[in-house]
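*Asks:* First, the structure itself, so that you have it in front of you.
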Amino acid sequence: AQSVTQPDIHITVSEGASLELRCNYSYGATPYLFWYVQSPGQGLQLLLKYFSGDTLVQGIKGFEAEFKRSQSSFNLRKPSVHWSDAAEYFCASDTGRRALTFGSGTRLQVQP
Amino acid sequence: GAGVSQSPRYKVAKRGQDVALRCDPISGHVSLFWYQQALGQGPEFLTYFQNEAQLDKSGLPSDRFFAERPEGSVSTLKIQRTQQEDSAVYLCASSPRTSGPTDTQYFGPGTRLTVL
């Protein structure tokens, strides 16, 4: 069965600093991979997705993610964090059956 | 345009009561999904519809959970004889096509269910 692991439950960064959120997946083949953001009272919003091809994926709000098959990872990055980026971030995978498998999330706090 | 809407946003039920949660997908979206998100956890898949057909219900935790989408648009998730472990946020998502996982799922704000 597939699984998604987000090792960091909570991360705090200073505004303007760079950010990397970790995600590891467990599946025999390459799954479809996603990053979603969830703000309080808001629905999950898709930041970016990877299916195939270029392993560096650009998303909305200045986020990018890199797929590394050798490490079974799909880490999310942003070069300069803004206070409005404070939220919960979820990595997810889909092996083709349309059901997303989510990690447990990483809560991002941004210090002024 | 309007996104996915869910109602009610908050629901408090006494243990043993039946509840019904409603999802209005984006107009014209073919696929509809239900997820359950326990406190401090990521969402977990419950069930998936393509139009009115329920193609996957493997995530429903027990036979107390039932979902329907009779006309291929609005969907209702019903939980019978609620238990405290049913307390969670129930998320609905829709996607425009049936082309598989490349099709983005758009999520609603969720219904927070608290069972006392």
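*Asks:* Take every residue in peptide A:97-106, count the Cβ atoms of other chains within 10 Å of its Cβ, and give the average of those counts.
*Replies:* Going residue by residue through A:97-106 and averaging, the value is 6.
*Asks:* Under 5 Å between amide H atoms, partner at least 5 residues away or on a different chain: which partners does residue B:46 have, H built in plane at 1.01 Å?
*Replies:* Distant-sequence amide H within range of residue B:46: B:34, B:35, B:36.
*Asks:* Then there is this: Hey, what do the phi angles of the stretch A:93-104 turn into as Karplus ³J(HN,Hα) couplings, whole Hz, using 6.51/-1.76/1.60 and θ = phi - 60°, x for Gly and Pro?
*Replies:* Listing the rounded values in order: 9, 9, 8, x, 9, 6, 8, 6, 10, 9, x, 7 Hz.
*Asks:* Still on this structure: Give the peptides A:63-69, B:13-19, A:32-38 in descending order of average Cβ contacts within 10 Å, highest first.
*Replies:* A:32-38, A:63-69, B:13-19
*Asks:* Something else about it: Give the cross-link partners of residue B:78 among the aspartates and glutamates, using a straight C-alpha distance below 19 Å as the criterion and excluding same-chain residues fewer than 8 apart.
*Replies:* Cross-link targets: B:18, B:24, B:44, B:52, B:56, B:63, B:68, B:86.
*Asks:* Next up: Considering only DSSP beta bridges with both partners in the stretch A:3-111, what is the antiparallel share in %, to the nearest 5?
*Replies:* Of those bridges, close to 85 percent are antiparallel.
*Asks:* Determine the shielding of peptide B:43-54 by partner chains: average, over its residues, the number of Cβ atoms on other chains within 10 angstrom of each Cβ.
*Replies:* Counting Cβ atoms of other protein chains within 10 Å of each residue's Cβ and averaging gives 2.
*Asks:* Hey, another quick one. When averaged across all projection directions, what area in nm² does the alpha-carbon convex hull of the stretch B:5-115 cover?
*Replies:* So the mean shadow area of the Cα hull is 6.3 nm².
*Asks:* Lys and Arg at +1, Asp and Glu at -1: add these up for the other residues within a Cβ distance under 15 Å of residue B:18 and post the number.
*Replies:* Net of charged neighbours comes to +4.
*Asks:* Strictly over 29 Å apart at the Cα level, which of A:49/B:57; A:78/B:11; B:14/B:57 would you flag in this model?
*Replies:* Cα-Cα > 29 Å for A:78/B:11; rest within.
*Asks:* Which net charge results for the neighbourhood of residue A:56, defined as the other residues with beta-carbon distances under 14 angstrom from its beta-carbon, given Lys and Arg at +1 and Asp and Glu at -1?
*Replies:* Once positives and negatives cancel, what remains is +1.
*Asks:* Sticking with this one: Taking each residue in B:35-41, count the Cβ atoms of any other chain within 10 Å of its Cβ, then average. What number comes out?
*Replies:* 3
*Asks:* Quick one: Karplus J couplings for the stretch A:72-86, per residue in order, coefficients 6.51, -1.76, 1.60, θ = phi - 60°, nearest Hz, x for Gly and Pro?
*Replies:* Result, ordered by residue: 6, 10, 8, 7, 9, 9, 8, x, 8, 7, 10, 4, 6, 7, 4 Hz.
*Asks:* Would you work out the charge dipole size for chain A about its Cα centre, treating the Cβ of every Lys and Arg as +1 and the Cβ of every Asp and Glu as -1, and quote it to the nearest 20 debye?
*Replies:* Dipole about the Cα centre, nearest 20: 280 debye.
*Asks:* Still on this model: Using the Cα centre as the reference, give the magnitude of the dipole from point charges on the C-beta atoms of chain B (Lys, Arg: +1; Asp, Glu: -1; all else neutral), rounded to the nearest 20 debye.
*Replies:* 400
*Asks:* Please name which of B:8, B:115, B:38 has its Cα lying farthest along the dipole of the stretch B:5-115 towards the positive end, using unit charges on Cβ (Lys, Arg +1; Asp, Glu -1) and the Cα centre as origin.
*Replies:* It is B:115, whose Cα lies furthest towards the positive end.
*Asks:* Can you list the residues, at least 5 places off or on another chain, whose amide H is less than 5 Å from the amide H of residue B:87, using H built in the peptide plane?
*Replies:* Counting only residues 5 or more places away or on other chains, the set is B:115.
*Asks:* Return the long-range amide H neighbours of residue A:23 (sequence gap of 5 or more, or a different chain), with a cut-off of under 5 Å between placed amide H atoms.
*Replies:* When sequence neighbours closer than 5 places are left aside, the close amide H contacts are A:74, A:75, A:76.
*Asks:* What is the pair-distance distribution P(r) of chain A, computed from all Cα-Cα distances in 5 Å bins starting at 0, with each bin given as a whole percent?
*Replies:* So the P(r) values, bin by bin, are 2, 13, 24, 26, 19, 10, 4, 1, 0.
*Asks:* Rounded to a whole number, what is D in µm²/s for the protein assembly as shown from Stokes-Einstein with the Kirkwood radius over alpha-carbon pairs (25 °C, 0.890 mPa s)?
*Replies:* For the chosen part, D equals 136 µm²/s.
Each value in this text was obtained by applying a stated rule to the coordinates, not by laboratory testing. The model shown is predicted, which means the values in this text are computed figures rather than measured ones. Backbone-built Cβ (ideal geometry, glycine too); neighbour counts: all protein chains shown.
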